[in-house]
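The values are calculated or read from the model by the stated rules, or taken from the named source; none is laboratory data. Just so it is clear, the model here is predicted, and its values are computed rather than measured. Glycine also receives a Cβ, built like all others from the backbone with ideal geometry; neighbour counts cover every protein chain displayed. Accessible surface is based on the protein model in full, side chains and every heavy atom, while ligands, DNA and RNA are left aside. Shrake-Rupley method; radii C 1.70, N 1.55, O 1.52, S 1.80 Å.
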Amino acid sequence: MNVRVTSLGVLAVAASLSLVMARDQPAREPDAALADAGQATAPPERESDVRSITDLLASFVKSYNAKDAKAIGELFTAEAEIEDEDGDIIQGRDAIIARFADTLAGGEAGTLSLESESLRFLGTDLAIEEGTASLSTENDSPPSTNRYSVIYARQGGRWLHARVRDEPEEEVSAHEHLKELEWLLGKWVNESDDEVVFTICKWSEDGNFLLRNFDVKVEGRIALRGNQRIGWDPQKGRFCMWVFDDRGGFAEGLFSRDDDRWVVKGTGVRSDGQSVSFATAITPLSKDRLRWETLERSVGSETTLDTDQFDLVRQPPEPGK
């Protein structure tokens, strides 16, 4: 790896020494999730009821994604009601069909998935289920999610939706989002024959940003210093960053996931006034080691496609700490 102190290299280092893969748990299929929840709380003699409610839930998802409002309505009792997150109530099967027909015809219906978290039987012919609904659209925005609860009633030997309630959305704070990146906290170092890069990461005082300071030493002398702020953009639903060096250069960028790595793309301005842009990638190797790569960089009108690559390791705590 060659740190180019007078070009884009160090700015790209500062801008992108940032993320290791956040391993998300794969979402379970709705029927499996419901079966697990139901079997955990229902006695063996209710297993057939669990299966029936599982099938009902799967039919709801299938009908919604097929944009079939009438089929959705057939899954509700004649007197059923739906309460949305604002507290407005729709009552009766016909009104429910009309509401879904309007929603599904609007072009923003998206693709629905459900993750059930609990199923409890309140009596012979009543059950209550709670879970999370996710709605994905074709654009690049993240899925919208909300919690829900459903009361099921058995009528004529068939389980149906009797009451659905969309729970008010719980706002997730910037701090909660950034907990996904807590592994960044601490000291990291990369050493090569010619240069050493140190980074230290800590929480901001308000807990809503990660703050990272960096030093680049070349032949034993400080060649560049700077700091970086990493935050959550609630409009884009992505992690973002801002970086400033001690020469007056600055840059900003966004993160996107690419299989087992995070790609950082950004733009900035050097202290000499030239525009810069970069694309870098961070790949996890272990909990204490990550690989940083430059995929592309440009200064002014000159673009470089060759890659630089090096590994960062976490420094152990000092003795006695």
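Mind telling me which of the residues 274, 228 ends up being polar (S, T, N, Q) and touching a Lys or Arg at 6+ places or on another chain (Cβ under 7 Å)?
Criteria check complete, one pass: 228.
Which of the residues that make up segment 226-276 are at positive phi, open to solvent by less than 70 Å² (accessible area, probe 1.4 Å) and within 21 Å of the chain's Cα centre (by Cα)?
237 - this is the single residue of segment 226-276 that is at positive phi, open to solvent by less than 70 Å² (accessible area, probe 1.4 Å) and within 21 Å of the chain's Cα centre (by Cα).
Take residue 116 and decide whether it is outside any loop (DSSP other than H, G, I, E, B), modelled with pLDDT under 95 and either under 20 Å from residue 153 (Cβ atoms) or touching a Phe, Trp or Tyr at 6+ places or on another chain (Cβ under 6 Å) (or both).
Against the criterion (outside any loop (DSSP other than H, G, I, E, B), modelled with pLDDT under 95 and either under 20 Å from residue 153 (Cβ atoms) or touching a Phe, Trp or Tyr at 6+ places or on another chain (Cβ under 6 Å) (or both)), residue 116 qualifies.
Testing residue 97 on (1) more than 15 Å from residue 164 (Cβ to Cβ); (2) assigned to a helix (DSSP H, G or I); (3) free of Cβ contacts under 8 Å to residues at least 40 places away in the same chain, one condition comes back false. Which one is that?
Result: residue 97 fails condition (1) only.
For segment 279-296, give me each residue that is in contact (Cβ under 8 Å) with a residue 40 or more places away in the chain, open to solvent by 10 Å² or more (accessible area, probe 1.4 Å) and of a type outside the set (Val, Ile, Thr).
284, 287 - these are the residues of segment 279-296 that are in contact (Cβ under 8 Å) with a residue 40 or more places away in the chain, open to solvent by 10 Å² or more (accessible area, probe 1.4 Å) and of a type outside the set (Val, Ile, Thr).
Working only within segment 113-133, note down all residues that are more than 17 Å from residue 85 (Cβ to Cβ) and either hydrophobic (A, V, I, L, M, F, W, C) or open to solvent by less than 60 Å² (accessible area, probe 1.4 Å) (or both).
Passing the criteria: 113, 116, 118, 119, 121, 122, 123, 126, 127, 128, 129.
Within segment 134-178, can you find the residues that are modelled with pLDDT of 90 or more, open to solvent by less than 70 Å² (accessible area, probe 1.4 Å), closer than 26 Å to residue 89 by Cα and not charged (D, E, K, R)?
148, 149, 150, 151, 152, 153, 159, 160, 161, 162, 164
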